[in-house]
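Working notes, structure below.
Throughout, read-outs are computed from the coordinates displayed, never taken from laboratory work. Everything numeric here is computed off the predicted structure, so don't read it as measured data. Please note: Cβ atoms are built from the backbone with ideal geometry, for glycine as well, and neighbour counts cover all protein chains shown.
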Amino acid sequence: MQKTLVATALSLLALLAGPVFGQAPLMNPDVGYSATRVMEAEGQRLEQRYYHQNMRTNRADSELKGQKSSMIVRMDRNLVWIVAPQQKMYMEMSVQDPKARGLDVPDNDRISEYSYVSSEDVHGVRTNKYKVVARDAQGSTVSGYLWISDEDKILVKMDLSEGKQRAVMELKDLNVGAQPDSLFDPPAGL
């Protein structure tokens, strides 16, 4: 369940990552922050503690049925780590590994259309809402809305659809600031 939800939500989000916003200064992918990230897709809901150092380095901590896990993405090292602290182990894979696809791997897809809709508050953060359409290399279309924080240009909320798949992501308890480097490596002793 968790893997399907994460893969659906983040594969849609990956369409909007990296160089996508080169056309306009909508997001600042390099601002550091932490937040509670809530994702909903395919009738499932997942709440994570999310740490963002930059677009290439992030971490998501989850708990499912009493089991804690962390997913650490290090594009600068070409690695994804899945950490299971209770089992005192982690799994390492390349971001090119097919099993890592959809986790949080940006590709070269582009937004083909976007337009400003309104200014709204999302969980106490002032945002600009945009209607977006993105097309991937195969011509599939993802469309919906993005809410970008006015001050720091952080993606605070998204509501995107591709065909019958829909994913919603929101950040709550947003705390802007640099994140400790130690969060982005597996803990010692695993």
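Here are some notes:
- The trypsin sites (Lys or Arg not before Pro) of region 36-75 meeting both criteria, a DSSP state outside H, G, I, E and B (loop) and at most 10 other C-beta atoms within 10 angstrom of the site's C-beta, are K65.
- Neighbourhood charge, 15 Å Cβ-Cβ cut-off, centred on K68 and excluding it, Lys, Arg +1 and Asp, Glu -1: +1
- Violating pairs (Cα-Cα greater than 19 angstrom) within the set K68/K88; K131/K172; K65/K172: K131/K172; K65/K172
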